[in-house]
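The values are calculated or read from the model by the stated rules, or taken from the named source; none is laboratory data. This structure is a prediction, so every number in the text was calculated from the model and none was measured. Quick reminder, even Gly has a Cβ in these numbers, built from the backbone with ideal geometry, and neighbours come from all protein chains shown. SASA here: full protein model, heavy atoms, side chains in, ligands and nucleic acids out. Shrake-Rupley method; radii C 1.70, N 1.55, O 1.52, S 1.80 Å.
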Amino acid sequence: MDGTPWAVWGCNPDQHLPDSEYLAKAKLGIGDSYYREGGIAGLKQSIVEYKDFITFFPFLDEAAYAQMQIAMGHYRQMEKAGSGSFRGGAKRRPNSRRSWKKYPNSPLVPQAEQHLRETQEVIAEGNFRVANFYYIRNGYKAAGARLIELTKPVSALQRGRQSQTGMLGQIYERSEHNEMAAQYYARIVKEYPFSSMAGDAKAKLTKFGTPVPQPDPTAVARMQKEQDAAHNRPNILLRSMGGT
């Protein structure tokens, strides 16, 4: 065949070769054919075929490959944050993690985990954009609900977390929930001690009559390392260009 999906040629191995030793390979080939075809329709159909393969041949080594291809089918549909595919990926994210627990020894696990992290970051980035949209329009309740998830330790969006934490502090302060606001301002002081927001956070805590916590030593070491890396980066660039 030339890559054209099996269905186009009228060949359905499930119907014509039910007892063939090649049935599993043929079933996987159908999924691969649709996957190579690409496009939304092709990728969706490949996912159906790969799921069928796992249903009928769950104990074959290729089942882990089929699971990987299912994930990649969703991954390739995720064109940009806010699209329908993006939202669909958000709903399927927990299922993807549970599915890979079935194949803990597969060599594909590291690659799958990397793609899962990338997907989670895109989802988190999209949720932050929605939160920021509501925040700048004073829709604090809608913004806060999304920001709370993004500031949890398990959140995939590490970049900009101090800003998200500060935004939550401001939301609760403006809503006159100073006790809750103080919790987020205290996190700024503890977790981002060198941040430009730390000074304001300390002032807010003093205003609320809340003790100002000491910076976390791990956070201090992390931010010091980040600052050193940023300080050295221009010199590295100059050396690469022949400068001193």
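Listed by first and then second residue, the pairs with beta-carbon distance under 8 Å, at least 6 apart or on different chains, first residue in the stretch 17-40 and open to solvent by less than 40 Å² (accessible area, probe 1.4 Å) and of a type in the set (Phe, Trp, Tyr), second outside any helix (DSSP H, G or I) and modelled with pLDDT under 85, are TYR34/PRO5.
Taken as a whole, the structure leaves ASP14 outside the set of residues that are modelled with pLDDT of 85 or more and in a helix (DSSP H, G or I). Restricting attention to the stretch 137-175, the residues that are at pLDDT below 85, open to solvent by 50 Å² or more (accessible area, probe 1.4 Å) and assigned to a loop (DSSP other than H, G, I, E, B) total 5.
Here MET72 meets the list (1) over 21 Å from ARG146 (Cβ atoms); (2) modelled with pLDDT under 85; (3) outside any helix (DSSP H, G or I) almost entirely, failing just condition (3). Annotation note: Cβ proximity below 6 Å between a residue of the stretch 123-136 that is at pLDDT 85 or above and a residue that is among the small types (Gly, Ala, Ser) (sequence gap 6+ or interchain) occurs for ALA131/ALA143; TYR134/ALA142; TYR134/ALA143; TYR135/ALA143.
Selection within the stretch 197-241: residues that are outside any helix (DSSP H, G or I) and among the aliphatic types (A, V, I, L, M). The member of this set that is modelled with the highest pLDDT is VAL212.
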